Amino acid sequence: MKKQNGIVLILFLALSFASVKIFAQSIDQMINEVEDYYKQFNNEKALEVLKKAEKIDPNNFEVLWRISRTYVDIADKMPKKTSAEEDAQLATYNKALEYADKAVKVKPDQSVGFLRRAIANGKIALFKGVFSVAGVVNSVRADVEKAIQLGNGGNFIQGVAHYVLARTHAKTSEKWKPARSILGLGWADNDIALQEYKKAIEIYPGYMMFYVDYAHSLIREDDYKTAREMLNIALTCQFQHQDDVNRLAEAKKMLNDIKNE
């Protein structure tokens, strides 16, 4: 009897291990499928696959942060002509924040969770108005600095982290410093933005938005020569983001606007 019980236990453990392995392989395959959809900028299909993966493993870090990313990308393309459409867009950004927060809790030692939370909060801040949600802006800064401090995730994650920090400084510093200092946003500085854009490009060159937004900050400092250099590089970048078509048009317009400066 003991021998039979032992055999049953071994079979049970073997089947359990096999099930876990199959689930892991299944999720890995799903993530590979999602990455293919990202290359096609097909966010709806990516989300569909990710939600299936979430049902298999609700606490899978790789699934959670990708869901956050996908909700942001979907929200960015949502119409916003009516108040109902605006409400739907904000709700989608909030879903992105919810999943990023879950990812951070599952693996607080990974940069990408903090980066995705910073991006989701950044979108919410831009939606509501940066200077009406100072606490959210401060959260963006804290999260992206944490992502940089952790320093993992690869060149793309770290490059984007420096870019988000740069953009946070650039966008926040547009307002008169004494006025924003009252809101607790006196730390924002376009000079720091310039440094962070440069770091982003050094870490992960060839990402169009880095060069275009860097050029915006350079123009603020009347450095038209370097701005033109960055915009000309932007024109040569391959499309890697769903907004790159618009970024390309923006770069061409900016070059035309500053051609005589």
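General remarks:
- When E62, E98 are checked against the criterion of being charged (D, E, K, R), surrounded by 12 or more Cβ atoms within 10 Å (Cβ to Cβ) and either out of contact with any helix residue (DSSP H, G or I) (no Cβ under 7 Å at 6 or more places or on another chain) or at pLDDT below 95 (or both), E98 stands alone in meeting it.
Residue-by-condition table, conditions (1) part of a loop (DSSP other than H, G, I, E, B); (2) touching a Lys or Arg at 6+ places or on another chain (Cβ under 9 Å); (3) basic (K, R); (4) assigned by TED's automatic domain parsing to the domain that holds Q195:
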site: G135; (1), (2), (3), (4): no, no, no, yes
site: R141; (1), (2), (3), (4): no, no, yes, yes
site: E145; (1), (2), (3), (4): no, no, no, yes
site: G153; (1), (2), (3), (4): yes, no, no, yes
site: R167; (1), (2), (3), (4): no, no, yes, yes
site: A170; (1), (2), (3), (4): no, yes, no, yes
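- Taking the criterion of being crowded, with 24+ Cβ neighbours inside 10 Å, without any contact (Cβ under 8 Å) to a residue 40 or more places away in the chain and farther than 13 Å from Y93 by Cα, the residues of segment 115-145 that qualify are V140, D143, V144.
- Whenever a residue of segment 59-74 is touching a residue at least 12 places away in the same chain (Cβ under 8 Å) and assigned to a loop (DSSP other than H, G, I, E, B), its partners that are surrounded by fewer than 21 Cβ atoms within 10 Å (Cβ to Cβ) and among the acidic types (D, E), lying with C-beta atoms within less than 9 angstrom and at least six residues away or across chains, give the pairs N60/E54.
- Cβ separations smaller than 6 Å between residues 6+ apart or across chains give the following pairs from segment 29-47 residues that are outside the structural domain of Q238 (by TED's automatic domain parsing) and under 18 Å from A96 (Cβ atoms) to residues that are part of a helix (DSSP H, G or I) and β-branched (V, I, T): V34/V49; N43/T70; N43/I74; A46/V34; A46/T70; L47/T70.
- Filtered residue count, segment 181-194, keeping only those that are assigned to a helix (DSSP H, G or I) and in contact with an Asp or Glu (Cβ under 9 Å, 6 or more places away or on another chain): 4
- Exclusive hit being aromatic (F, W, Y) and under 30 Å from S83 (Cα atoms), set F210, F156, F131: F131
- A residue that is part of a helix (DSSP H, G or I), out of contact with any Gly (no Cβ under 7 Å at 6 or more places or on another chain) and without any contact (Cβ under 8 Å) to a residue 24 or more places away in the chain occurs somewhere in segment 99-106.
The values are calculated or read from the model by the stated rules, or taken from the named source; none is laboratory data. Computed from a prediction, not measured in an experiment: that's the story for all the values here. In this analysis, Cβ positions are derived from the backbone assuming ideal geometry, glycine residues included, and neighbour counts consider all displayed protein chains.
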